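Peer 1: Handing you this structure, nothing more for now.
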């Protein structure tokens, strides 16, 4: 059996996409490869592969032990993507950013969830052949499209009007996620119901916390902030919605978009360059909040375009299925184990 040790604190802070991606991978490996992979979590044992999902200082220190075997780092962010997420004053921000890159450089190999980040890592001095692209995925056993009667049941469960167009967004409540634009759209469209699932995972450290907290505590009548909810509830809310909208300014490969795709929910995104290499054509693009407003109004009257986006979502979900990614991870781990010998 191949001994793999996972090092992660990703599931300690609720409401993070990193935690969702980590839990999906662990579940996949333990169910598909139980007789082939011996997987341990946060155990400082001798392993052929040590896979680091988060950059905790104890994990960094552990990399200096010869027991770790082949060290694999999961890149869920680079310093640029942290801007607009956490409010870290200088000089601590600069120190932290240098630490992030130092952690990545301690790895024998890195995995990125978006190919556009390979060039960024190379710019930090990491060899290109030390980086592999493996996308995120979601489990279709948990995220799937439901029938109309179940959809109505979900709307009733979350007190959403049956006769209104519903726009759903999810993720941490922070500037980087574009939550202020989501709020602005809600104010501009009182006849549309808006729902945001997520909260302040990092409390007062969240960028823009004070202003956002005021709105979360006293939102417009047509805007519901659910707070941090379970992944089961995320699936239900996706199915209750007519449109998933993520106005984020910076992402790698958001789990929330994959979750929407898997539920067959039409998707609108701020049109970031990094989406083009992974999901181009699978979503309705909007360059700014003004274009989001225009397209949102159009979509409320254009059932054919919504159906087209729904079809694209379902097609995209097949490309990022657990069946396909199981083969990818199996091949990757075996190849890395050979490199360690």
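Peer 1: Is there any pair linking a residue in region 48-69 that is outside the structural domain of residue 104 (by TED's automatic domain parsing) to one that is crowded, with 16+ Cβ neighbours inside 10 Å and in a loop (DSSP other than H, G, I, E, B), with Cβ under 8 Å and at least six apart or on different chains, and which?
Peer 2: Between residues of region 48-69 that are outside the structural domain of residue 104 (by TED's automatic domain parsing) and residues that are crowded, with 16+ Cβ neighbours inside 10 Å and in a loop (DSSP other than H, G, I, E, B), there is no close pair.
Peer 1: Related question: Do the conditions hold for residue 229, that is, is it surrounded by fewer than 24 Cβ atoms within 10 Å (Cβ to Cβ), touching a residue at least 12 places away in the same chain (Cβ under 8 Å), in contact with a strand residue (DSSP E or B) (Cβ under 8 Å, 6 or more places away or on another chain) and in a helix (DSSP H, G or I)?
Peer 2: No: the conditions fail for residue 229.
Peer 1: Out of (1) more than 30 Å from residue 336 (Cβ to Cβ); (2) assigned by TED's automatic domain parsing to the domain that holds residue 80, what's the single condition that is false for residue 195?
Peer 2: (2) is the only condition that residue 195 fails.
Peer 1: Identify all residues within region 145-177 that are assigned to a loop (DSSP other than H, G, I, E, B) and closer than 25 Å to residue 298 by Cβ; write none if there are none.
Peer 2: Answer for region 145-177, where residues must be assigned to a loop (DSSP other than H, G, I, E, B) and closer than 25 Å to residue 298 by Cβ: 145, 160, 161, 162, 163, 164, 165, 171, 177.
Peer 1: Could you tell me which of the residues 190, 180 is assigned to a helix (DSSP H, G or I), under 27 Å from residue 294 (Cα atoms) and either within 22 Å of the chain's Cα centre (by Cα) or in the same structural domain as residue 263 (by TED's automatic domain parsing) (or both)?
Peer 2: Within the list 190, 180, the selection yields 180.
Peer 1: Something else now. Check whether at least one residue in region 130-140 is outside any strand (DSSP E or B), in contact (Cβ under 8 Å) with a residue 12 or more places away in the chain, more than 19 Å from the chain's Cα centre (by Cα) and not assigned by TED's automatic domain parsing to the domain that holds residue 303, and report yes or no.
Peer 2: Taking every residue of region 130-140 in turn, at least one turns out to be outside any strand (DSSP E or B), in contact (Cβ under 8 Å) with a residue 12 or more places away in the chain, more than 19 Å from the chain's Cα centre (by Cα) and not assigned by TED's automatic domain parsing to the domain that holds residue 303.
Peer 1: Can I ask one more? Determine whether region 199-222 contains at least one residue that is buried (at least 21 other Cβ atoms within 10 Å of the Cβ), assigned by TED's automatic domain parsing to the domain that holds residue 152, within 22 Å of residue 161 (Cβ to Cβ) and modelled with pLDDT of 95 or more.
Peer 2: no
Peer 1: On to the next question. Among helices (runs of 4 or more DSSP H) lying entirely in region 10-85, which contain 3 or more residues that are over 21 Å from residue 335 (Cβ atoms) and at pLDDT below 95?
Peer 2: 17-32, 79-82
Peer 1: With respect to residue 119, determine if the residue is over 30 Å from residue 200 (Cβ atoms), out of contact with any strand residue (DSSP E or B) (no Cβ under 9 Å at 6 or more places or on another chain) and not in a loop (DSSP other than H, G, I, E, B).
Peer 2: yes
Peer 1: Name the residues in region 128-150 that are touching a helix residue (DSSP H, G or I) at 6+ places or on another chain (Cβ under 9 Å) and over 20 Å from residue 312 (Cα atoms), would you?
Peer 2: Hits for region 128-150 are 128, 130, 131, 132, 133, 134, 150.
Peer 1: When residues of region 45-89 are filtered for being surrounded by 15 or more Cβ atoms within 10 Å (Cβ to Cβ) and over 28 Å from residue 250 (Cβ atoms), how many remain?
Peer 2: Final tally of qualifying residues: 8.
Peer 1: Also: If residue 125 satisfies every condition in (1) in a helix (DSSP H, G or I); (2) more than 23 Å from the chain's Cα centre (by Cα); (3) in contact (Cβ under 8 Å) with a residue 12 or more places away in the chain but one, which is the exception?
Peer 2: Among (1) in a helix (DSSP H, G or I); (2) more than 23 Å from the chain's Cα centre (by Cα); (3) in contact (Cβ under 8 Å) with a residue 12 or more places away in the chain, residue 125 violates only (1).
Peer 1: Here's something else I'd like to know. Looking only at region 96-116, which residues are outside any loop (DSSP other than H, G, I, E, B) and either surrounded by fewer than 16 Cβ atoms within 10 Å (Cβ to Cβ) or out of contact with any strand residue (DSSP E or B) (no Cβ under 6 Å at 6 or more places or on another chain) (or both)?
Peer 2: Across region 96-116, the qualifying residues are 96, 97, 98, 99, 100, 101, 102, 103, 105.
The values are calculated or read from the model by the stated rules, or taken from the named source; none is laboratory data. Values in this document were obtained by computation on a predicted structure and should not be read as measured data. Glycine gets a Cβ as well: all are built from the backbone with ideal geometry, and neighbour counts include every protein chain shown.
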